[in-house]
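To start, the structure under review is shown below, and the notes come after it.
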Amino acid sequence: MTSVLLVDDDPQIVRAIVPALEVSGLSVKVTSTGQEAIDQVDATGWDALIVDLGLPDMDGKAVIRHLRDSSSTPVVVISAQHSQAEVDAARGAGANRFLHKPFRTPDLIACINQLVSS
């Protein structure tokens, strides 16, 4: 089973996408802060990460950069930030894909499945 770490502090987003991810066959753990995510990344091997850029304690790009120090685990960024500069910065930090909120959950699932199967 594909394991995914979802890093997002918005309870509405979490409630909306976790059940859909689980129904699609993914095992999902949720963290709401960047530091929790870093702790989880260091402690557990994940097949993929879904990271929001707007976290309460740090920018999601810092989480991605930390992951990239030791891993090539695929990362999908989900963010309400729509500027091309933010997309470029996330990709520069090591994100594989960027989905703008609001997004369709099937698109997120397709991104994850494509990244972990390649």
Gln40 fails exactly one of the following numbered conditions: (1) modelled with pLDDT of 95 or more; (2) in a helix (DSSP H, G or I). What is the number of that condition?
-> (1)
Of the residues in segment 47-102, those that are assigned to a strand (DSSP E or B) and either aliphatic (A, V, I, L, M) or free of Cβ contacts under 8 Å to residues at least 12 places away in the same chain (or both) number 9
Which residues, taken from segment 15-32, are surrounded by fewer than 17 Cβ atoms within 10 Å (Cβ to Cβ) and touching a strand residue (DSSP E or B) at 6+ places or on another chain (Cβ under 8 Å)?
-> Glu22, Gly25, Ser27, Lys29
Would you confirm whether any residue within segment 54-67 is out of contact with any Cys (no Cβ under 8 Å at 6 or more places or on another chain), modelled with pLDDT under 95, buried (at least 17 other Cβ atoms within 10 Å of the Cβ) and within 16 Å of Val4 (Cα to Cα)?
-> yes
Here the qualifying pairs (Cβ atoms under 7 Å; residues six or more apart or on different chains; first in segment 10-26 and free of Cβ contacts under 8 Å to residues at least 24 places away in the same chain; second surrounded by 12 or more Cβ atoms within 10 Å (Cβ to Cβ)) come out as Val14/Leu6; Val14/Asp8; Val14/Val30; Val18/Leu6; Val18/Val28; Val18/Val30; Glu22/Val28
Given (1) within 13 Å of the chain's Cα centre (by Cα); (2) at pLDDT below 95; (3) not hydroxyl-bearing (Ser, Thr, Tyr), index of the condition Ala48 fails | (2)
Being in contact with a Leu (Cβ under 8 Å, 6 or more places away or on another chain) and assigned to a loop (DSSP other than H, G, I, E, B) is the filter here, so list the residues in segment 19-37 that pass it.
-> Ser32, Thr33
Of the residues that make up segment 28-37, is at least one at pLDDT below 95 and over 22 Å from Met1 (Cα atoms)?
-> no
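The values are calculated or read from the model by the stated rules, or taken from the named source; none is laboratory data. Given the structure is predicted, the values throughout are model-derived calculations rather than measurements. With ideal geometry, Cβ positions are generated from the backbone for all residues, glycine too; neighbour counts draw on all protein chains shown.
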